[in-house]
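First comes the structure, then the notes that go with it.
The values are calculated or read from the model by the stated rules, or taken from the named source; none is laboratory data. Worth saying up front: this structure is predicted, and the values here are computed from it rather than measured. Cβ sites come from the backbone with ideal geometry, for glycine too, and all protein chains shown count toward neighbours. Please note that ligands, DNA and RNA were not included when accessible areas were found on the heavy atoms of the full protein model with its side chains. Shrake-Rupley method; radii C 1.70, N 1.55, O 1.52, S 1.80 Å.
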Amino acid sequence: MSDIKLNKGFLDFVYDFYKGMKEHEITLAYEGEINHQIMKTFTSLAEGNMSKNDESELLQKKVYHVMVECLQNISKHAVHPEDEADLEYNRGIFLISRNNKVYNVTTGNVIKNERIIYLTELLDHVNSLNREQLNELYKKQLREGHLSEKGGAGLGFIDIRRKTGEELLYKFLPLSGTHAFFLLTSTIPRNF
Amino acid sequence: MDNLILDEMDDSPKVKFSHENGKLELSGKSLPEDVSTFYQPILDWLTEYSETPAGETEFTFKLTYFNTASSKLILDILSILEKMKDDGRKVVVKWFYPEYDEDMRDAGQEYSEMVDVPFEHFSYNP
């Protein structure tokens with residue numbers, strides 16, 4: 001009988017989860033491995049949904065781009081199998097929410113604490129720049145080719161920021177002495 | 001040398017490089033899982049081509065999407081074309097963008113400022 005009680009608590013959780021999704025206008029939520037295949041699946045799913053909702057082609061393209069960049073940031077961490085803890089690095093959460101003004105693309109994944117300073121400085125810097133400065137920084141990064149390094153996410157963040165015109169919202173939540181959970185939300189206005 | 005032909009996939013562009021008439025075209029989407037692996041044969045072909053190019057080289061970009069990882073490789077392609085031009089070869093880049101897509105239009109503008117190669121920009125109705 002204890003199984004039934006457990007299930008009832010579980011179903012209550014599912015209902016709360018459903019209510020929370022409605023309240024925050026979340027149209028897609030995922031937790032699990034994030035790899036290239038998953039990225040392709042979600043981007044084509046979102047493309048289909050947006051086109052059904054008659055969103056403009058330019059908006060669809062921008063949301064698609066933000067999804068690709070954010071999901072690839074996570075899936076690319078999977079290429080360092082020598083580090084045992086990295087097994088968790090290609091997992092994460094992925095959410096899309098929307099209201100009548102914006103789309104939000106949110107990702108969350110486990111990172112090493114030593115990345116926090118780098119990411120904070122990078123995101124604060126990118127957030128502080130205007131369109132022209134972002135274009136200059138993008139070109140500089142392209143020319144100097146920092147892509148293959150683990151910090152290569154820089155180009156993605158710069159590009160999201162300049163193509164959406166919105167600041168990137170982020171938060172680090174401590175998980176342990178060595179790891180943290182990195183949450184990142186990109187906002188794409190529905191009217192350009 | 002052989003022509004380079006690659007079919008379009010859901011995450012990689014169609015490649016159609018013809019040595020004899022100098023018409024080279026990259027079209028579709030570019031967000032491959034590993035950009036270096038995908039683009040290396042393209043850069044190798046282009047480097048070899050640049051030794052004995054056609055009288056006139058016309059490189060057409062007709063991409064509907066590329067991710068930031070691909071953007072570096074596109075610059076690598078343009079750098080090879082720039083070197084050909086510096087060597088006295090006749091080279092032109094034709095940059096096509098869907099008419100609604102200001103980001104793809106701006107990308108063409110940006111690349112044309114980064115390399116010294118003649119660029120022509122065209123919008124089209126996809």
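A few comments on the model shown:
- Put a dot 7 Å past the Cα of A:Q133, heading toward its Cβ, do the same for A:N49, and the two dots end up 3.4 nm apart.
- 3J(HN,Hα) along the stretch B:21-32: 9, x, 9, 10, 9, 10, 9, x, 9, 10, 8, x Hz, from the Karplus curve 6.51 cos²θ - 1.76 cosθ + 1.60 with θ = phi - 60°, whole Hz, x for Gly and Pro.
- Remark: mean inter-chain Cβ contacts per residue of B:68-81 equal 4, using a 10 Å Cβ-Cβ cutoff to other protein chain atoms.
- According to the Kirkwood relation over distinct C-alpha pairs, the hydrodynamic radius of the stretch B:4-124 is 14.3 Å.
- Net dipole in debye of the protein assembly as shown [+1 Lys, Arg Cβ; -1 Asp, Glu Cβ; about Cα centre; nearest 20]: 940
- Expected 222 nm ellipticity per residue - DSSP helices of 4 or more, -39500 (n - 2.57), all of chain B, to 500: -12500 deg cm²/dmol
- Buried accessible area, chains A and B (both chains, 1.4 Å probe, Å² to nearest 100): 2300
- Subtracting the Cα-Cα distance of A:L169 and A:I26 from their residue separation scaled by 0.36 nm leaves 49.8 nm.
- Mean projection area, nm², convex hull over Cα of the protein assembly as shown: 19.6
- Highest-first packing order for the peptide set B:23-36, A:29-42, A:57-70 is A:57-70, B:23-36, A:29-42, based on the mean count of other beta carbon atoms within 10 Å.
- Sequence of A:R190, B:R89 when ordered by accessible area, the most exposed leading, probe 1.4 angstrom: B:R89, A:R190
- Average other protein chain Cβ within 10 Å of Cβ, residues A:53-65: 3
- Label-point separation in nm, A:V102 to B:K90, each point 7 Å along Cα→Cβ: 5.2
- Rolling a 1.4 Å probe across the protein heavy atoms gives the protein assembly as shown an accessible surface of 52 Å² per residue.
- B:M9-A:K8 FRET efficiency (beta carbon distance; Förster radius 45 Å; 0.05 resolution): 0.40
- Other-chain or far-sequence residues with amide H under 5 Å of A:H179's (modelled H): A:N113
- Measuring nothing but alpha carbons in the stretch A:27-189 and taking Rh as the Kirkwood radius, the Rg to Rh ratio lands at 0.95.
- Phi-based couplings in Hz for the stretch B:4-16 (Karplus 6.51, -1.76, 1.60; Gly and Pro marked x): 10, 10, 10, 6, 6, 10, 5, 10, 9, x, 7, 10, 9
- Of the residues B:I5, A:I116, A:I158, ranked by 1.4 Å probe accessible area with the largest first, the sequence reads B:I5, A:I116, A:I158.
- Proximity of backbone amide H atoms, modeled 1.01 Å from N, is registered between A:T27 and A:I96, A:S97, A:R98 at under 5 Å, excluding neighbours fewer than 5 places apart on the same chain.
- In order along the stretch A:137-142, the Karplus-derived 3J(HN,Hα) couplings, from 6.51 cos²θ - 1.76 cosθ + 1.60 at θ = phi - 60°, round to 5, 4, 5, 4, 5, 4 Hz, and Gly and Pro are given as x.
- Close amide H partners of A:Y103, meaning residues 5 or more places away or on another chain with modelled amide H under 5 Å apart, are A:I188, A:R190.
- When peptides B:102-110, A:170-178, B:63-71 are sorted by average Cβ neighbour count within 10 Å, with the highest value leading, the order is B:63-71, B:102-110, A:170-178.
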